[in-house]
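Here's the structure we're looking at; comments come further down.
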Amino acid sequence: MNVIELDQVSFSYGERKVVNQVTLAVPKGKHVGIVGESGCGKSTLLKLLSGLYAPTEGTIKISKSVSIVMQTPQLLPMTILENITLGREYPKEWIHHVVNLSCLDQWVASLRDGLDTYLGDRANELSGGQAQRIAIARAVCKNSEIILLDEPTSALDHETEKSVLEALRRATEGKTVIHVTHQRSHLEAYDSIYQMREGKLYG
Ligand SMILES: Nc1ncnc2c1ncn2[C@@H]1O[C@H](COP(=O)(O)OP(=O)(O)O)[C@@H](O)[C@H]1O
Ligand SMILES: [Mg+2]
């Protein structure tokens, strides 16, 4: 069963076509990687998939809920917990599971106020890796079937990148994933890898 189907999808910013006739089917549970240089249309493609933009041509069918992790995490002046749940209620056990999956458990345990630590005052004390793990936890907490990853580690140093990629691998097991990146090495063990060039997708 395909949970994502794009049929001849194009998108233009004004006159400029940046996604060009993309056709793609992603079966449930598959991890799909898309590699391409900066500017080739990767982020635009994910914005189409997340419903932020509507295609100018073609059709997109998505049969499940979607979460997205972007290059730079958008943290809010709230507690760590609220940044993960965005104010929705979840069972304690689920939060615990999500925090472990996202590799936040050790750091959170080291904080006096744990998950209730207010990030407004501490936002600049956070490392890029911690911030991105919170963003991953937010995506995982929703328990969406589909997870979209837009160069989720490109703002991190090499060591942190490795650990965040590992957190992502754990957190997305069993999910349907589309991961766009300019670095093919981040897509080891992916089920299929496509190339994107100037808005076109190549198998
Ligand atoms: N909001 C926008 N308005 C106009 N052009 C844009 C906008 N966002 C991106 N672009 C252009 O569209 C092309 C594809 O961008 P993007 O999808 O961000 O590529 P990538 O994520 O692969 O770097 C680029 O040339 C970029 O400059
Ligand atoms: Mg991009």
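Quick notes on this one:
- Any hit, the range 84-105, residues being under 25 Å from V164 (Cα atoms) and in contact with a strand residue (DSSP E or B) (Cβ under 6 Å, 6 or more places away or on another chain): no
- Candidates L115, L24, L46, filtered to the one that is in contact (Cβ under 8 Å) with a residue 12 or more places away in the chain, assigned by TED's automatic domain parsing to the domain that holds K162 and either touching a His at 6+ places or on another chain (Cβ under 6 Å) or within 26 Å of T160 (Cβ to Cβ) (or both): L46
- Tallying residues that are in a loop (DSSP other than H, G, I, E, B) and either over 15 Å from P73 (Cβ atoms) or in contact with a helix residue (DSSP H, G or I) (Cβ under 6 Å, 6 or more places away or on another chain) (or both) within the range 145-166 yields 5.
- All of K61, K92 fail the test of being closer than 26 Å to I193 by Cβ, more than 16 Å from ligand 2 (Cβ to nearest atom), at pLDDT 95 or above and open to solvent by 80 Å² or more (accessible area, probe 1.4 Å), apart from K61.
- Just one of the listed residues (V18, V35, V26, V3) is open to solvent by less than 30 Å² (accessible area, probe 1.4 Å) and more than 24 Å from R169 (Cα to Cα), and it is V18.
- Residues of the range 157-193 that turn out to be within 16 Å of ligand 2 (Cβ to nearest atom) and either open to solvent by 30 Å² or more (accessible area, probe 1.4 Å) or charged (D, E, K, R) (or both), as a count: 3
- Count of the range 95-110 residues which are open to solvent by 50 Å² or more (accessible area, probe 1.4 Å) and small (G, A, S): 2
- When residues of the range 167-203 are limited to those that are within 13 Å of ligand 1 (Cβ to nearest atom) and not in a strand (DSSP E or B), the one farthest from K28 (Cα to Cα): E198
- Single match in G87, G14, G39 (criterion: of a type in the set (G, A, S), away from ligand 2 (no atom under 16 Å from the Cβ) and assigned by TED's automatic domain parsing to the domain that holds A155): G14
- Scanning the range 3-21 for residues that are without any contact (Cβ under 8 Å) to a residue 40 or more places away in the chain and either more than 8 Å from ligand 1 (Cβ to nearest atom) or of a type in the set (D, E, K, R) (or both) yields E15, R16.
- Restricting L48, L81 to residues that are within 16 Å of ligand 1 (Cβ to nearest atom), in a helix (DSSP H, G or I) and open to solvent by less than 60 Å² (accessible area, probe 1.4 Å) narrows the list to L48.
- Residues in the range 27-43 that are within 16 Å of ligand 1 (Cβ to nearest atom) and either touching a residue at least 12 places away in the same chain (Cβ under 8 Å) or under 11 Å from L148 (Cβ atoms) (or both): V32, G33, I34, V35, G36, E37, S38, C40, G41, K42, S43.
The values are calculated or read from the model by the stated rules, or taken from the named source; none is laboratory data. Just so you know, these numbers come straight off a predicted model, no measurement behind them. Don't worry about glycine lacking a Cβ; one is built from the backbone with ideal geometry, like all the others, and counts go over all protein chains shown. Heavy atoms of the whole protein, side chains included, go into the accessibility calculation; ligands, DNA and RNA do not. Shrake-Rupley method; radii C 1.70, N 1.55, O 1.52, S 1.80 Å.
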